[in-house]
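Colleague: Encoded as structure tokens, here's the structure I'll be asking about.
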Amino acid sequence: MTAKQTIESGKAILGIEFGSTRIKAVLIDEENNPIAQGSHEWENQLVDGLWTYSIEAIWYGLQDCYADLRSNVLKQYDCEIETLAAIGFSAMMHGYMAFNEKHEILVPFRTWRNTNTGKAAAELSSLFNYNIPLRWSISHLYQCILDNEEHVSDIKFLTTLAGYVHWQVTGQFVLGVGDASGMIPVDPNTKTYDAEMVRKFDELIAPKGFGWKLLDILPKSLNAGENAGFLTPEGAKRLDVSGHLKPGIPLCPPEGDAGTGMVATNAVKQRTGNVSAGTSSFSMIVLEKELSKPYEMIDMVTTPDGSLVAMVHCNNCTSDLNAWVNLFKEYQQLLGIPVDMNEVYGKLYNNALNGDPDCGGLIAYNYISGEPVTGLAEGRPLFVRSANDKFTLANFMRANLYASVGVLKIGNDILFKEEQVKVDRITGHGGLFKTKGVGQRILAAAINSPISVMETAGEGGAWGIALLAAYVVNNSRGLSLADYLDEVVFAGNAGEEIAPTAEDVAGFNRYIETYKAGLPIEQAAVQCKK
């Protein structure tokens, strides 16, 4: 089929993901290739000290994103989207959306970015003997209880952004297991909320006398491949205000952006992983078994089909590196030389590979914001050297590239060195890998593992959730999600791989030891420059 025939026959599949700065829609054909896209730019708001998006912004953003997709389909193919084979919704994970029995939101949506949940997260981590991050829904809920917020007694439904949108267009109060694992931990054996932790939480809050228990208010957890309901007539109108889209379309379980990133990089099988490196960075390593103990810098979530995943999340990655590159752009402009930013990045990044493996002793701290993994509540970007260090352009750029994945290395060293986790393949995606071969080589040295990059990784989470929707309706062979991705979607394409060299690994290890020894300098900068 041509793309136009696919759309006109209702065989196309739609994935929509709510990112932190953009809502993106991707339409795919029966071979899982993107054939049309739409988007909507948006920004979170700081309201009463908490980061939020309004309900109005959520629905306007969704409708505008879909309208942009519809407009692009009309321009490209001169046809209308009347029906689809399947739909999937995804969104940034965690946060807090609490509703009463009338489906009215009780307090503004509290996003993953809020850090007011420190006391709750610490108490729950101790209670469960399990690392509970600040951004998880259970941390937000318990913090509301600790703060005696009045709305808590009226909660009837508690969900994530992806779960909310899905619920409103299908009537089904459900969540994909990957997103569910960011509300309260999931038992990888049962693929649903950990029963012992649920029991402990209910006992903890029992003296408050609320009219609900935790499972009463949480969405049902569903596995990848399960049908999660159908688009209702009201849902069709809320999605497509033009009125062309018909109801009755099946939906896959709504998922979080970490899960869709794993799908988009073919990293849901045990002993695989992916690293996203852009403004922030995180690694997701799919485990064969549980870790020996909880670690504060490692979050435990699951794949969309329920396998346990160790996640190292870093607040900082390429922002400071980009700021330094912009200085070179300004210098080039002063000389009156036309600027091509791809060329600037390419020259500087590739020159970094000519530097010393340990950066000649130079250190960079890329902390635009605080960094929980290294215990920094705030950040101060710093470049540090002694008079005896080798201060060359190549070493300078290499030090800043190392800094972009330095914190990620510290977290992953726990997995690979202390926990002896085994990985067969790690896939990289994001802006750090745009200059061919450089970011790959740096990351390979950092975590002492081969790194693959695939062209399709750039399609992102909207493509990932579209693939999960396709898995519901096109998996006629009954394959597992991992096998479906391997055999049907990626068909043996493992991308281009770069393996670490012994020299690079040894150099990065020397760099990171100096980096860790210098962290008190960063601490002092935070204390001195308010």
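Colleague: When only residues in region 178-193 that are assigned to a helix (DSSP H, G or I) and out of contact with any His (no Cβ under 9 Å at 6 or more places or on another chain) count, which is farthest from PHE128 (Cα to Cα)?
Modeller: Filtering region 178-193 for residues assigned to a helix (DSSP H, G or I) gives 178-180.
Keeping just the survivors that are out of contact with any His (no Cβ under 9 Å at 6 or more places or on another chain) gives 178, 180.
On the way: GLY178: 19, ALA180: 17 Å.
Step by step, filter region 178-193, then rank; the result is GLY178.
Colleague: Can you tell me which residues in region 215-228 are part of a helix (DSSP H, G or I) and either of a type outside the set (A, V, I, L, M) or touching a residue at least 60 places away in the same chain (Cβ under 8 Å) (or both)?
Modeller: Answer for region 215-228, where residues must be part of a helix (DSSP H, G or I) and either of a type outside the set (A, V, I, L, M) or touching a residue at least 60 places away in the same chain (Cβ under 8 Å) (or both): ASP216, ILE217.
Colleague: Residue check, GLU41 against (1) at positive phi; (2) under 24 Å from the mean Cα position of the chain (by Cα), all met but one. Which one?
Modeller: If we test GLU41 against (1) at positive phi; (2) under 24 Å from the mean Cα position of the chain (by Cα), just (1) comes out false.
Colleague: Which ones in region 10-28 are assigned to a strand (DSSP E or B) and open to solvent by less than 40 Å² (accessible area, probe 1.4 Å)?
Modeller: Answer for region 10-28, where residues must be assigned to a strand (DSSP E or B) and open to solvent by less than 40 Å² (accessible area, probe 1.4 Å): ILE13, LEU14, GLY15, ILE16, GLU17, PHE18, ILE23, LYS24, ALA25, VAL26, LEU27, ILE28.
Colleague: Would you be able to tell me the number of residues in region 95-139 that are among the basic types (Lys, Arg), closer than 23 Å to GLY19 by Cβ and either free of Cβ contacts under 8 Å to residues at least 24 places away in the same chain or open to solvent by 60 Å² or more (accessible area, probe 1.4 Å) (or both)? Talk me through it step by step, then tell me what you get.
Modeller: In the first step, residues of region 95-139 are kept if they are among the basic types (Lys, Arg); the result is 102, 110, 113, 119, 135.
Next, only the ones that are closer than 23 Å to GLY19 by Cβ stay: 110, 113, 135.
Filter once more, so that each one left must be either free of Cβ contacts under 8 Å to residues at least 24 places away in the same chain or open to solvent by 60 Å² or more (accessible area, probe 1.4 Å) (or both): 113.
Matching residues across region 95-139 total 1.
Colleague: Criterion first (open to solvent by 60 Å² or more (accessible area, probe 1.4 Å), among the aromatic types (Phe, Trp, Tyr) and more than 16 Å from THR111 (Cα to Cα)) does TYR66 satisfy it?
Modeller: Numbers: open to solvent by 60 Å² or more (accessible area, probe 1.4 Å): no; among the aromatic types (Phe, Trp, Tyr): yes; more than 16 Å from THR111 (Cα to Cα): yes.
It is false that TYR66 is open to solvent by 60 Å² or more (accessible area, probe 1.4 Å), among the aromatic types (Phe, Trp, Tyr) and more than 16 Å from THR111 (Cα to Cα).
Colleague: Could you please give the count of residues in region 145-177 that are open to solvent by 50 Å² or more (accessible area, probe 1.4 Å) and not in a loop (DSSP other than H, G, I, E, B)?
Modeller: Summing the residues that are open to solvent by 50 Å² or more (accessible area, probe 1.4 Å) and not in a loop (DSSP other than H, G, I, E, B) in region 145-177 gives 4.
Colleague: Related question: So, GLU31, is that one surrounded by fewer than 19 Cβ atoms within 10 Å (Cβ to Cβ), without any contact (Cβ under 8 Å) to a residue 12 or more places away in the chain and out of contact with any Cys (no Cβ under 9 Å at 6 or more places or on another chain) or not?
Modeller: Considered against the rule, which asks whether it is surrounded by fewer than 19 Cβ atoms within 10 Å (Cβ to Cβ), without any contact (Cβ under 8 Å) to a residue 12 or more places away in the chain and out of contact with any Cys (no Cβ under 9 Å at 6 or more places or on another chain), GLU31 comes out as yes.
Colleague: So, one more: Going through region 103-129 one residue at a time, which ones are in a loop (DSSP other than H, G, I, E, B) and within 19 Å of ALA162 (Cα to Cα)? Lay out the reasoning, then the answer.
Modeller: Within region 103-129, the first condition is being in a loop (DSSP other than H, G, I, E, B), and the residues that meet it are 103-104, 106-109, 111-117, 129.
Hits for region 103-129 are HIS103, GLU104, LEU106, VAL107, PRO108, PHE109, THR111, TRP112, ARG113, ASN114.
Colleague: Condition first: within 22 Å of the chain's Cα centre (by Cα) and of a type in the set (Phe, Trp, Tyr). Now tell me which residues in region 485-522 satisfy that.
Modeller: PHE490
Colleague: Let me ask something else about it. Within region 229-244, count every residue that is part of a loop (DSSP other than H, G, I, E, B), out of contact with any strand residue (DSSP E or B) (no Cβ under 7 Å at 6 or more places or on another chain), open to solvent by less than 80 Å² (accessible area, probe 1.4 Å) and among the aliphatic types (A, V, I, L, M).
Modeller: So the answer is 0.
Colleague: Among the numbered criteria (1) within 23 Å of VAL152 (Cα to Cα); (2) touching a Gly at 6+ places or on another chain (Cβ under 8 Å), which one does SER54 miss?
Modeller: Answer for SER54: the failing condition is (2).
The values are calculated or read from the model by the stated rules, or taken from the named source; none is laboratory data. Values in this document were obtained by computation on a predicted structure and should not be read as measured data. Using ideal geometry, Cβ is built from the backbone for each residue, glycine included, and neighbour counts are taken over all protein chains shown. Accessible surface areas use protein heavy atoms only, side chains included; no ligands, DNA or RNA. Shrake-Rupley method; radii C 1.70, N 1.55, O 1.52, S 1.80 Å.
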